[in-house]
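The values are calculated or read from the model by the stated rules, or taken from the named source; none is laboratory data. Quantities reported herein were computed from a predicted structural model and do not represent experimental measurements. Note that we place each Cβ from the backbone using ideal geometry, even for glycine, and neighbour counts take in every protein chain shown.
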Amino acid sequence: MTTASTGPATLTATDLSLRFGGTRALDGVSLRLTRGVTGLLGPNGAGKTTLLRVLATAVPPDGGAFTALGHDPGTAAGRLALRRTLGYLPQTPGFHPEFTAFEFVDYVAILKELTDRGARLREVRRVLEAVDLSEVRGTRIKRLSGGMRQRVALAAALVGEPGFLVLDEPTVGLDPEQRMRFRELIAQAGEGRTVLLSTHQTEDVAMLCHRVVVLARGRVHFEGTPADLTARAAGRVWSSTERDPNALAGWRTGTGSFRNIGDPPTGAELLEPTLEDGYLLTLDGESAEVTA
Amino acid sequence: MRGVAQTATRGLPADLLRPLVPPVWRGLPRRALTTAGGLGLLLAGTTRLPDHAPDAELGRLVLRLTALTGALGLAFLLDDPARNTTATTPVGRPRRTVLRLAFVAPLAALWWAAVLLLTPAPTRPALGPATLEAAGTACAALALATIAVRFTQAAEVGRSTAVWLGTAAAVAVLVPNRWGLLGTSQDPYWAATQVRWAVVLGATVTLSVLWTPEPLRGRPHGHGPGRLGPSWSRPSE
């Protein structure tokens, strides 16, 4: 399902910074995205949502700059041009609860300047079908479940075929079947487009993304392919019958043995690393969650 | 379907207005507006209850309370539960705000006219100063809501704005008449009070006009969301 990287950079960010009071949410973030799905990983408070909000033009940065799809959002004309080709799913999407799913997505389509009524209504039907909400399209949003609302928000992000899609934890609150459906959708969306996907689910990144960025404390700690991130843990994951006190992290697996990551002792039984192992080792020292 | 964005006409503002009107109208915080409007009319109607019409100073007090009630309703005008989801669309928040104002301004003017008509003639104070005070109070509510939207990420700023407006009104009551906004027509400071109301009106309109557009650059470091008080939200990360 992993999407392929194609072509030159579609987004280039240089030294982005943003502070909230005394908190430095972004601290000199530079990155480069190409077409395809890029995963953004990081612990809570890493600055993922802030970075996505900046790249989606929801908040301007204090410092630094970026261009996306050739548009510079530092100017009014550039921001408008970028927004015309942008789809954004925020971390906590909001709705007018009295609107039906169809009415809300139609409203967003109007805000995306799709003024030809016939084409717009066809497009709204298409995206609601894509997120499997056709049957409840006439239901008021306040009567929909959390997972359904999340899909309404995804439909709103997808409407108008955006060239740059920013998705902030889109699989939160979804059951495994819905998550698989989401992965298919996002993989399709990544074909020929630039998709930036923030998630806590390393398996989402492993299955979907051609590139991955690891963010911690407002800084980029890794940028590369999922295979590169996984390779960081090569030779640093081992199995033992007891939790190794020298391991950075260790947990009992379903088989009863312990899976440890860190610097293995001599003669340890090495295991095949996963992307999560590489991620945890990349964050070593950056987050208390690593050793929790 | 890749080309929908291309095949659907990229609209000019005039093309957008027609489809945009129904959803923006439906998205208005009608409960807050109608509640405040209804309470204001009831309040103004109390001047007709006594056997003898109250004097103009009591009428002025009732009209001030009525104007404050209406302004508390207007404090909710910029509430937009879908703010996060629609924040980055080409038709941005400022244009939608202007549309909301275009809906509400004539209704507010009609409401104020009804309030004045409900107040019996002997009780009704001079219309000019009373209307100036009502407009200043309404614009103060809108300016406070504009500040809340501009400097926080909150989707629904009405409650916080109403608290700030109520606080401002309480402070105004405590300020001596020679410096304040709530004098009476018998005060020697009455003319100066009207000038102050004109300043309030001008300042709040200017502030709302300046701070409604979305900024292109972040603010200088050290002035982040949350500085306005604990009830104003900030981003989760």
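Residues checked against (1) part of a strand (DSSP E or B); (2) more than 12 Å from chain B (Cβ to nearest Cβ); (3) in contact with a Ser or Thr (Cβ under 7 Å, 6 or more places away or on another chain):
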{"position": "A:Leu11", "(1), (2), (3)": "yes, yes, yes"}
{"position": "A:Leu18", "(1), (2), (3)": "yes, no, yes"}
{"position": "A:Thr38", "(1), (2), (3)": "yes, yes, no"}
{"position": "A:Leu52", "(1), (2), (3)": "no, no, yes"}
{"position": "A:Ala81", "(1), (2), (3)": "no, no, no"}
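Counting only helices (runs of 4 or more DSSP H) that sit wholly inside the stretch A:102-198, those with at least 2 residues that are touching a residue at least 60 places away in the same chain (Cβ under 8 Å) are A:146-158, A:176-189.
Of the residues making up the stretch B:1-51, those that are at pLDDT below 85 and among the β-branched types (Val, Ile, Thr) are B:Val4, B:Thr7, B:Thr9.
I'd like to know if the stretch A:251-265 contains one or more residues that are assigned to a loop (DSSP other than H, G, I, E, B), on the phi > 0 side of the Ramachandran plot and not assigned by TED's automatic domain parsing to the domain that holds A:Gly173.
The answer is yes; a qualifying residue exists.
Residues that are of a type in the set (Val, Ile, Thr) and within 18 Å of A:Leu185 (Cα to Cα) within the stretch A:114-167 comprise A:Val124, A:Val127, A:Val131, A:Val152, A:Val159, A:Val166, listed in sequence order. Would you check if A:Gly74 is more than 21 Å from A:Thr171 (Cα to Cα), more than 10 Å from chain B (Cβ to nearest Cβ) and assigned to a loop (DSSP other than H, G, I, E, B)? Judged against the criteria, A:Gly74 is not a match. If the condition is being touching a Ser or Thr at 6+ places or on another chain (Cβ under 8 Å) and either of a type in the set (Asp, Glu) or more than 7 Å from chain A (Cβ to nearest Cβ) (or both), then the stretch B:71-92 contributes B:Ala71, B:Gly73, B:Ala75, B:Phe76, B:Leu78, B:Asp80. Does B:Leu101 satisfy the condition of being under 10 Å from the mean Cα position of the chain (by Cα), at pLDDT 95 or above and either within 30 Å of A:Gln150 (Cα to Cα) or part of a helix (DSSP H, G or I) (or both)? Considered against the rule, which asks whether it is under 10 Å from the mean Cα position of the chain (by Cα), at pLDDT 95 or above and either within 30 Å of A:Gln150 (Cα to Cα) or part of a helix (DSSP H, G or I) (or both), B:Leu101 comes out as yes. Here B:Val115, B:Val104, B:Val171 are screened, and the one residue that is within 29 Å of B:Thr47 (Cα to Cα), surrounded by fewer than 22 Cβ atoms within 10 Å (Cβ to Cβ) and in contact with a Leu (Cβ under 9 Å, 6 or more places away or on another chain) is B:Val104. Pull up the stretch B:22-37, narrow it to residues that are assigned to a helix (DSSP H, G or I) and at the interface with chain A (Cβ under 10 Å from one of its Cβ atoms), then point me to the one that is nearest to A:Val105 (Cα to Cα). The residue in question is B:Pro23.
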